[in-house]
Amino acid sequence: MKYFVLAPEAIIVATAVVLLVATRLAWIRPAARRYLPAISALAVLVALGVELWAGATVSTYFGGGLVQDRFALFAKAAVLVTAAIALAVVDWTAEDSMSIGLAMPLFAAFGVMVAASAGDLVALWAGLELAAAAGVVMVSLRRPDLGLRLLVTGGVASALLLIGLAFLYASAGTSDLTAMRDVLFSRVPTIALAIPVFLLVSGLALRATLAPFHLAGLPASLGASPLGAGLLLGLVAAAAATVAIKLAGALTPIPSVYSTYLEVVAAVAMVGGGAAALAVRSPRARLAYLAAGQIGWVAAGLVTHYRSGLGGSLFLLGAFVVAATCGPAVMGRADGGEAALAGMGVLRPARAAGLALAMLSLAGAPPLAGFFGEFAVGAALAQSGHFGLLTLGLLGSLLSLAAAVRTLRLIYIHSPLEEARRGSALPVLTRLSTLGAVVFCGVIGGYGLFSNPILGLADQGAEALGLR
Amino acid sequence: MIALSIFAASPTPVPTVPGAGIFSSPLLLSLSIWVPVVAAIAIATMPNPRGRYDVLMKQIAFFTNLGILFVLFIAYNQFSSFLPTAQYEEKVPWLAAIGVSYHLGVDGPGMIMLILSGLIGIVSVLASLGVRERVRSYFCLLLLTQAAVNGAIVARDMFVLVLFWAAAVIPIAILILGWGGPRRNAAAWRLVGYWGLGTAALVIGTLVLYSATGATSFDSDVLLKAAVSPRIQLVVALAMIVAAATRLPLFPLHGWARDVYADAPIGVTVVVAGTASRLGAYLLLRTVVAAEPSAAHLLAPLVAALAVLTVVYAALAALRAIDLRQAAGYLSMIPGGVTVLGLAALSPLAITGAVLSLYSGGLAAALIVGVCATLADRAQSRSLSVLSGLAARMPNLTWLMIIGGFAVLGVPLLATYLSGVMTFFGSFKNQPVGAFAVAAGLALAGVALASLFRRVLFGAPNPDAPGVSDASLGETWFLGLLAGALLWVGVFPSGPKLPGTDTPLFDPGLINVMGAGVSEIASPYTLPNPSPSPSP
C-alpha cells in the first residue's frame, strides 16, 4: 500500500499511453472518439481525488529519489486541476490531433508531478525534460520548423541545466536535495558555486520563457495549436518554476549565490512582460507576455529565500498554471488577431468570461487568483526588504492590467465581425467545453475565496523544503 | 454659529430613533458588498434574447441599490453615535499565513460614506436609464463598481482595502471605454494609469507598514495603531498621500479628471465624482490623520499646499474651459480641495468639517457633473460657444445647475456650507495661508460659476444652437435626489426632532452619527503640540 500514493502518476501515464496506443492501433471507433476528452478529464479527476485522499501521507520512494510531502501534494493537485480543465475546455476542431492533444498534456502534467516530488537532482531534471518534450511534440504537430527551433533552444536550456546540476553535485558532494541543503549550511558562497547556479537560473529561465530568455519559447507557443500554446506557457513553465523552487529551497543556506541573478531576471520579466503585453496586438501573444510577467513574480518570491516567499511563489504558481495553461485553450481558434475576439462576449459568453478572467488573473487584477498570489509574494518581498523589486513588480502589474483591459474591451465592447457571427472564427460550442469554461471561471474566481487553505498548504509546502 | 456650536461639541448620546432595533444582521456590511456582486452575476448570466429583458436588468440594478440603501439606512439609524469604536464588525480569518482577515466595520465617517454610496448607487442607476446599448454589460459593471466602492469604505483590513480599492479601476475603465464620449479612450487609459499609480502607492505604503510592524497582520487595528518610527510614518504617509491624490484628485495628479468627467457616461460620472473619488480623502483620513500623527504634522504644509493648488487650478481651468462638461469636471475637484484643507489643518473642528465634506462634497461634485452632463445631452452640445440662454427653455435643469454651483461654493442652507464653515474656522489657526488661499480659490470658482451661469443659462439665446429640451422625469429625479440630500443635511444636520422634544424622527442626524468616530480620530490633535509616537 505504500506505493498507492504514486497511483495518480500511474493513472496519468496509463491514460496517456492507452490513448496513444489505442488510437494508433485503431481500437477506438471514430464515433466513440468524441467521448475521449471527457474520459481523459475524468481520469485526471480520479487521479486528483486519489492525490487529495492519499497524498497527505509523507513518505519517500525509490531510495529518496521521489518524496511525497506537502510541496508535492500542492503542486500535483494544482497541475491535475489544470490538466482536467484544459482537456475539458479545448476546442478540438482547432487541434491537430485529438489523441496526441490528449496525451501530451498528460505527459507534461506527469513531468511536473515528477519534478514536484523529486528528492534529488536527477528526478528534478527528468521531470522538467519530460514536460518540455511534450511541449516540443505539440508544437511540431502544427509547425515542425518551430518545433525544431524549440528543440534546439530546449537543448541549450537542458545543457545549461545539466552543467549547472553537475557542478552543484560536485560542489555539494551529493545529489540528494535535503542532504545538499545540510552540506551547504557549512559552506560559504564561492564563485565555484555561483557559476553553476548562474547556469541553472539561465536554463530554467529559458524553459520558463522568462524575459529576456523568452525569444525562443514565445514564438513557438504562438505558432502552436491552442492547447500546445497552453502547454508551453503553463505546464512547461510551471515545471521550470517547480524545479526553481525546489532548488531555491536547497540553496537557501547560501542565498547570495542566486538571489542577484533571480532579482534581475524577475525584474526584467515582470516589467518586460507587462510592457510587451501592452505593446502587442495579438490576443495570444498578449496572454503569453502576461504569463511571462506573472512567472516573473514567481521568481521574485524566490529572491526572498524565506519560507513566506517560497510559500507565496508556490501559491502564485498554482494560480499561474491554471490561467496560463487554460487561457489559450479557452481562446481556441479566436487567436488570429485582435478582431477575432471582437464580440466574443456575446457569441461565446462562457468562453469569453474564461478568457477575460485568465487575462485579468495573469495581470494580477483583484479579486482573482493572480492578485492573491502576487500579493502574497509582495508581502514576502516587503518582509525581506526588497522594496525596489516590489515597486518594479507593481509597475509590471500596472502595465499588464492596462493590456488586459484592452482585451476586455474587444471581448465585451466591440461588435462581433460577420465572420465571427457565422461561427467560423470562434471556438465550437460543446457541452463539455462550456462546462470546462464555467469550472475554469469558478477556479480563477474562487481561488481567492478559498485562499486560506490553499495558501496554508503552500506554506506547508515551503516548510517541507526545509524552510522555517 | 448655531451650527458651529453643534459641531464643536463632542458627540452625545442620541435618544433611540423610533423603529431602531427592528432589524439586525451580523452580515450587514457584507450585504452592501456582496448583494451587488450577486445581482451583477445574475444580470450577467440571465438569458436576454434580442434585448428582451433589458428593462428587467435595469430594474434589478435599481431595486438592488434600493434594497442596499434601505439596509444602510437601517444601519445608519441603529448606529450608536456615542461609541468611538467600529460597529457592525465582521472578522473572519482569510489568508492566515500572511495575517490577512476579512475584517469589515464602520465608524462615524465610514457610516456617512456608506450612506453617500447608497444614495449615489440609486442616483447612478437612475442616471443610466437612458442606456440602450449592451445593457447587460453596463449594469453588471455598474453594480461591480458599487460593490468595490462599498468594500473599500467598510474595509478594516489593509489587504481588503487594497483589494476593493484596486477592484474599482477595471469596471470603471471598461464603462468609459464602452459607453463614453468622443475622448473615451484617453479618459479610460488616463484613469487606469493614475488610479493604477495610486493603487501601487497604496500597496507600497501598506507593505512598508506591514514590514515595519513585524509582518504579522494586515488588520487596520494592528497596522494603523502600531508605534512605528517617524521615518516609517513619513514614508507611509507620503505613499498614502500619492494614493489619495490620484483618486480625489489633487493637483498635480489630477490628469484623469478632465477627460473622465467630460467623457464618461452620466451614471459613471456620478459614481466617480460622488463616491469613488471621495475614497481618496477617506484614505487620507484613515491612514494619515488618524494613524500617523507625527507624519501628519510634518506633512501638513504639503497637504495644505496640494489643497490650495487643486482649488486654484480647478477654478482657473473652469474659468477658461470651452466645454461645459470639462468645466464641470474642474469644478467638481473643488470640494475635494476643501476636504483636504480640513485634513491638513489637524484641528478637531477642521477634521469634523473635512469628514462632513466627504459627504457634502461628494454630493456637490456628483450634482455639478451630473447636471452639466444632462444639460449637454439635452442641449445636444457641450460647447460653451454654442450653449447660451437656456434658462427659459430648461427651467428644471437651470434650478438644479444653480443649486449644484452653489453647493460647490458652499452657500448657506446646503450641506457644503456647514462643512466649509467648519473646515475654514478650524483651519485659520493652523493653516492660515492655506485657508486664505483656498478661500481665494473658492472666490475664483465663484467667478467661474457666475461666468458659466451668465453664458449658458442667462445669456442671449443662440438662434443657431440645436433644439433643446428640459430634463426627463428620471433625470429630474436623480438630480433632485442629490440636491435634496444636500439641502436635507444643510437644514437638518442633527436630524429633525419631534416638536418640543429631543427625540429624533426617522433621521438621527448626520452630525451625530459621524461625531463619535471623528472625536477618536481628532483626539491626538486636541493638544497644541502632540508628542510624536515613540520609536519601536
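The values are calculated or read from the model by the stated rules, or taken from the named source; none is laboratory data. Every value quoted in this text rests on a predicted model; they were computed, and no experiment measured them. Because the Cβ atoms are built from the backbone with ideal geometry, glycine has one as well, and the counts that use them run over all protein chains shown.
One residue is enough: does the stretch A:443-456 have a residue meeting the conditions away from every other protein chain (no Cβ under 12 Å), surrounded by fewer than 24 Cβ atoms within 10 Å (Cβ to Cβ), in contact with a Lys or Arg (Cβ under 9 Å, 6 or more places away or on another chain) and part of a helix (DSSP H, G or I)?
no
A quick yes/no check of all residues on (1) over 25 Å from B:Ser220 (Cα atoms); (2) part of a helix (DSSP H, G or I); (3) of a type outside the set (A, V, I, L, M, F, W, C); (4) without any contact (Cβ under 8 Å) to a residue 40 or more places away in the chain:
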{"residue": "B:Ala315", "(1), (2), (3), (4)": "yes, yes, no, no"}
{"residue": "B:Gly337", "(1), (2), (3), (4)": "yes, yes, yes, no"}
{"residue": "B:Ala344", "(1), (2), (3), (4)": "no, yes, no, no"}
{"residue": "B:Gly362", "(1), (2), (3), (4)": "no, yes, yes, no"}
{"residue": "B:Ala365", "(1), (2), (3), (4)": "yes, yes, no, no"}
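Condition first: touching a Cys at 6+ places or on another chain (Cβ under 6 Å), closer than 14 Å to B:Ala445 by Cβ and buried (at least 24 other Cβ atoms within 10 Å of the Cβ). Can you find one or more residues in the stretch B:304-322 that meet it?
no
When you look at B:Leu298, is it surrounded by fewer than 24 Cβ atoms within 10 Å (Cβ to Cβ) and part of a helix (DSSP H, G or I), yes or no?
Values: surrounded by fewer than 24 Cβ atoms within 10 Å (Cβ to Cβ): yes; part of a helix (DSSP H, G or I): yes.
In short, yes.
Would you mind finding the one in A:Gly155, A:Gly101, A:Gly111 that is part of a helix (DSSP H, G or I) and modelled with pLDDT of 95 or more?
Residue meeting the stated conditions: A:Gly111.
In the stretch B:82-106, how many are touching a Ser or Thr at 6+ places or on another chain (Cβ under 8 Å) and farther than 30 Å from A:Gly456 by Cβ?
3
State the number of residues belonging to the stretch B:165-187 that are within 11 Å of chain A (Cβ to nearest Cβ) and in contact (Cβ under 8 Å) with a residue 24 or more places away in the chain. Working first, answer last.
If we filter the stretch B:165-187 for residues that are within 11 Å of chain A (Cβ to nearest Cβ), which is where we start, we get B:165-180, B:184-185.
Within this subset, residues satisfying the condition of being in contact (Cβ under 8 Å) with a residue 24 or more places away in the chain are B:165-166, B:168-169, B:171-172, B:174-176, B:178-180, B:184.
Total satisfying the criteria: 13.
For the stretch B:100-119, which residues satisfy the criterion of being of a type in the set (A, V, I, L, M) and either closer than 19 Å to B:Glu90 by Cα or part of a loop (DSSP other than H, G, I, E, B) (or both)?
Within the stretch B:100-119, B:Val100, B:Leu104, B:Val106, B:Met111, B:Ile112, B:Met113, B:Leu114, B:Ile115 qualify.
Restrict the check to the stretch A:113-122 and report whether at least one residue is farther than 27 Å from A:Tyr169 by Cα and more than 20 Å from the chain's Cα centre (by Cα). Even if it seems obvious, please write down each step before you answer.
In the first step, residues of the stretch A:113-122 are kept if they are farther than 27 Å from A:Tyr169 by Cα; the result is none.
The answer is no; no qualifying residue exists.
Does A:Ala157 qualify as being buried (at least 23 other Cβ atoms within 10 Å of the Cβ) and among the hydrophobic types (A, V, I, L, M, F, W, C)?
On the way: buried (at least 23 other Cβ atoms within 10 Å of the Cβ): yes; among the hydrophobic types (A, V, I, L, M, F, W, C): yes.
Yes: the conditions hold for A:Ala157.
Go through the stretch A:397-414 and give me each residue that's facing another protein chain (nearest Cβ under 7 Å), farther than 11 Å from B:Gly196 by Cβ and assigned to a helix (DSSP H, G or I). Don't jump to the end; show me each part of the working.
The first filter runs over the stretch A:397-414 and keeps only residues facing another protein chain (nearest Cβ under 7 Å), leaving A:398, A:401-402, A:405, A:408-409, A:412-413.
With the extra rule that they be farther than 11 Å from B:Gly196 by Cβ, the set shrinks to A:408-409, A:412-413.
Result: A:Leu408, A:Arg409, A:Tyr412.
Answer yes or no: is there a residue in the stretch A:293-310 that is surrounded by 24 or more Cβ atoms within 10 Å (Cβ to Cβ) and in contact with a Lys or Arg (Cβ under 7 Å, 6 or more places away or on another chain).
No, the conditions are met nowhere in the stretch A:293-310.
When residues of the stretch B:504-520 are filtered for being farther than 17 Å from B:Leu114 by Cα and crowded, with 24+ Cβ neighbours inside 10 Å, how many remain? Can you show your working first?
Pass one, the stretch B:504-520, residues farther than 17 Å from B:Leu114 by Cα: B:504-506, B:519-520.
Still in the list and also crowded, with 24+ Cβ neighbours inside 10 Å: none.
The qualifying residues number 0.
Could you list, in sequence order, the residues of the stretch B:200-217 that are within 8 Å of another protein chain (Cβ to nearest Cβ) and either surrounded by 23 or more Cβ atoms within 10 Å (Cβ to Cβ) or under 13 Å from B:Ala243 (Cα atoms) (or both)? Quick ask: steps written out before the conclusion?
To start, the set of residues in the stretch B:200-217 that are within 8 Å of another protein chain (Cβ to nearest Cβ) comprises B:200, B:203-204, B:207-208, B:210-211, B:215.
B:Ala200, B:Val203, B:Ile204, B:Leu207, B:Tyr210, listed by residue number.
Of all residues in the stretch A:387-396, how many are more than 10 Å from chain B (Cβ to nearest Cβ) and either within 25 Å of the chain's Cα centre (by Cα) or aliphatic (A, V, I, L, M) (or both)?
Let us first name the residues in the stretch A:387-396 that are more than 10 Å from chain B (Cβ to nearest Cβ), namely A:388-389, A:392, A:396.
Remaining after also requiring either within 25 Å of the chain's Cα centre (by Cα) or aliphatic (A, V, I, L, M) (or both): A:389, A:392, A:396.
Summing the residues that are more than 10 Å from chain B (Cβ to nearest Cβ) and either within 25 Å of the chain's Cα centre (by Cα) or aliphatic (A, V, I, L, M) (or both) in the stretch A:387-396 gives 3.
Can you go through A:Gly301, A:Gly272 and tell me which one is within 14 Å of chain B (Cβ to nearest Cβ), farther than 18 Å from A:Gly230 by Cβ and either in contact (Cβ under 8 Å) with a residue 40 or more places away in the chain or assigned to a helix (DSSP H, G or I) (or both)? Write out each step before concluding.
Details: A:Gly272 fails: within 14 Å of chain B (Cβ to nearest Cβ).
Every option except A:Gly301 fails the conditions.
Got a sec? Which of A:Ala86, A:Ala7, A:Ala72, A:Ala31 is surrounded by fewer than 23 Cβ atoms within 10 Å (Cβ to Cβ) and modelled with pLDDT of 90 or more? Break it down stepwise before answering.
Details: A:Ala86 fails: surrounded by fewer than 23 Cβ atoms within 10 Å (Cβ to Cβ); A:Ala72 fails: surrounded by fewer than 23 Cβ atoms within 10 Å (Cβ to Cβ); A:Ala31 fails: modelled with pLDDT of 90 or more.
After ruling out the rest, the residue left standing is A:Ala7.
Answer yes if at least one residue in the stretch B:231-254 is touching an Asp or Glu at 6+ places or on another chain (Cβ under 6 Å), assigned to a loop (DSSP other than H, G, I, E, B) and touching a residue at least 40 places away in the same chain (Cβ under 8 Å), and no otherwise.
No: zero hits.
Just wondering, is there one or more residues in the stretch B:125-135 that are assigned to a helix (DSSP H, G or I), in contact with a helix residue (DSSP H, G or I) (Cβ under 8 Å, 6 or more places away or on another chain) and within 9 Å of another protein chain (Cβ to nearest Cβ)? Break it down stepwise before answering.
From the stretch B:125-135, those assigned to a helix (DSSP H, G or I) are B:125-127, B:135; that's our starting set.
Of the ones still in play, those that are also in contact with a helix residue (DSSP H, G or I) (Cβ under 8 Å, 6 or more places away or on another chain) are B:125-127, B:135.
This time we only want the ones that are within 9 Å of another protein chain (Cβ to nearest Cβ), so: none.
Taking every residue of the stretch B:125-135 in turn, none turns out to be assigned to a helix (DSSP H, G or I), in contact with a helix residue (DSSP H, G or I) (Cβ under 8 Å, 6 or more places away or on another chain) and within 9 Å of another protein chain (Cβ to nearest Cβ).
Could we say that B:Gly389 is of a type in the set (Gly, Ala, Ser), within 24 Å of the chain's Cα centre (by Cα) and more than 17 Å from B:Gly480 (Cα to Cα) here? Step through it out loud before you land on a result.
On the way: of a type in the set (Gly, Ala, Ser): yes; within 24 Å of the chain's Cα centre (by Cα): no; more than 17 Å from B:Gly480 (Cα to Cα): yes.
Here the answer is no, as B:Gly389 does not meet what is asked.
How about the stretch B:140-160: which of its residues are over 14 Å from the mean Cα position of the chain (by Cα) and more than 11 Å from chain A (Cβ to nearest Cβ)?
Correct list: B:Leu142, B:Leu143, B:Ala155, B:Arg156, B:Asp157.
Pick from the stretch B:89-106 the residues that are surrounded by fewer than 24 Cβ atoms within 10 Å (Cβ to Cβ) and more than 14 Å from every other protein chain (Cβ to nearest Cβ): which of them is farthest from B:Gly353 (Cα to Cα)?
Top of the filtered list is B:Glu90.
Go through the stretch A:162-190 and give me each residue that's under 19 Å from A:Phe71 (Cβ atoms), in a helix (DSSP H, G or I) and not aliphatic (A, V, I, L, M).
If the condition is that a residue be under 19 Å from A:Phe71 (Cβ atoms), in a helix (DSSP H, G or I) and not aliphatic (A, V, I, L, M), then A:Thr178, A:Arg181, A:Asp182 are the ones that fit.
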